[in-house]
1. Can you name every residue in segment 1-35 that is modelled with pLDDT of 90 or more and among the aromatic types (Phe, Trp, Tyr)?
2. Residues to consider are 26, 66; find the one that is assigned to a helix (DSSP H, G or I) and closer than 18 Å to residue 105 by Cβ.
3. State the number of residues belonging to segment 48-63 that are farther than 12 Å from residue 109 by Cβ and β-branched (Val, Ile, Thr).
4. Against the definition (at pLDDT 90 or above and surrounded by 11 or more Cβ atoms within 10 Å (Cβ to Cβ)), how does residue 102 come out, yes or no?
5. Tally the residues that are on the phi > 0 side of the Ramachandran plot and either in contact with a Gly (Cβ under 7 Å, 6 or more places away or on another chain) or in contact (Cβ under 8 Å) with a residue 24 or more places away in the chain (or both), restricting the search to segment 62-86.
6. If residue 19 meets every condition in (1) assigned to a helix (DSSP H, G or I); (2) closer than 16 Å to residue 9 by Cβ apart from one, which number is that one?
7. Specify which of the listed residues (20, 59) is surrounded by 14 or more Cβ atoms within 10 Å (Cβ to Cβ), of a type outside the set (D, E, K, R), within 17 Å of the chain's Cα centre (by Cα) and at negative phi.
8. Out of contact with any helix residue (DSSP H, G or I) (no Cβ under 7 Å at 6 or more places or on another chain), of a type outside the set (Gly, Ala, Ser), within 30 Å of residue 2 (Cβ to Cβ) and surrounded by 15 or more Cβ atoms within 10 Å (Cβ to Cβ): which single residue out of 33, 95 fits that description?
Amino acid sequence: MVRLEYAENSGAFLSLGAGLSEAARGWIFIAGIAAVLAGLLLFSLIKVQKFHIVTLAALGLVLGAGIGNLIDRLLNQGRVVAFLNVGIGGLRTGIFNVADIALMAGILLIAVFGYRQEGGDTAGETESLVDS
């Protein structure tokens with residue numbers, strides 16, 4: 001069952017880093033994440049012709065989730081709003097948001113697709129999207 005429950009998270013996944021000072025959280029969760037996202041976006045734009053469609057979708061999910069959470073932090077004094085809680089009875093997840101789902105889906109796609117490419121069982125699927 002899904003339960004809607006409002007929470008603000010000043011840390012990362014499962015409130016990791018929430019106990020850090022406000023300045024440290026700002027540097028890590030705003031400046032650091034912004035730099036990582038900018039690097040990932042630049043890397044994606046440079047290599048876009050070499051990526052398979054699944055990899056592009058995964059990078060889009062990761063970038064979208066990161067940018068969404070970054071905007072949330074910038075507009076909400078360094079906190080991300082979370083509101084979803086899933087479980088049955090007393091067995092429940094932590095509270096998360098849609099960006100967390102997108103981030104995990106993107107990471108899972110990269111992990112599975114990257115593993116399949118290294119395994120060599122998708123040789124025909126790794127052609128570039130745009131012919132030069």
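The values are calculated or read from the model by the stated rules, or taken from the named source; none is laboratory data. Just so it is clear, the structure is predicted and the values come from calculations on it, not from any experiment. All Cβ positions, glycine included, derive from the backbone under ideal geometry; neighbour counts span all protein chains shown.
1. 6, 27, 29
2. Details: 26 fails: closer than 18 Å to residue 105 by Cβ.
Result of the check over 26, 66: 66.
3. Within segment 48-63, residues that are farther than 12 Å from residue 109 by Cβ and β-branched (Val, Ile, Thr) number 1.
4. So residue 102 fits the description; yes.
5. Selection size over segment 62-86: 1.
6. (1)
7. Numbers: 20 fails: within 17 Å of the chain's Cα centre (by Cα).
Just a single option satisfies the conditions, and that option is 59.
8. Of the residues listed, the single one that is out of contact with any helix residue (DSSP H, G or I) (no Cβ under 7 Å at 6 or more places or on another chain), of a type outside the set (Gly, Ala, Ser), within 30 Å of residue 2 (Cβ to Cβ) and surrounded by 15 or more Cβ atoms within 10 Å (Cβ to Cβ) is 95.
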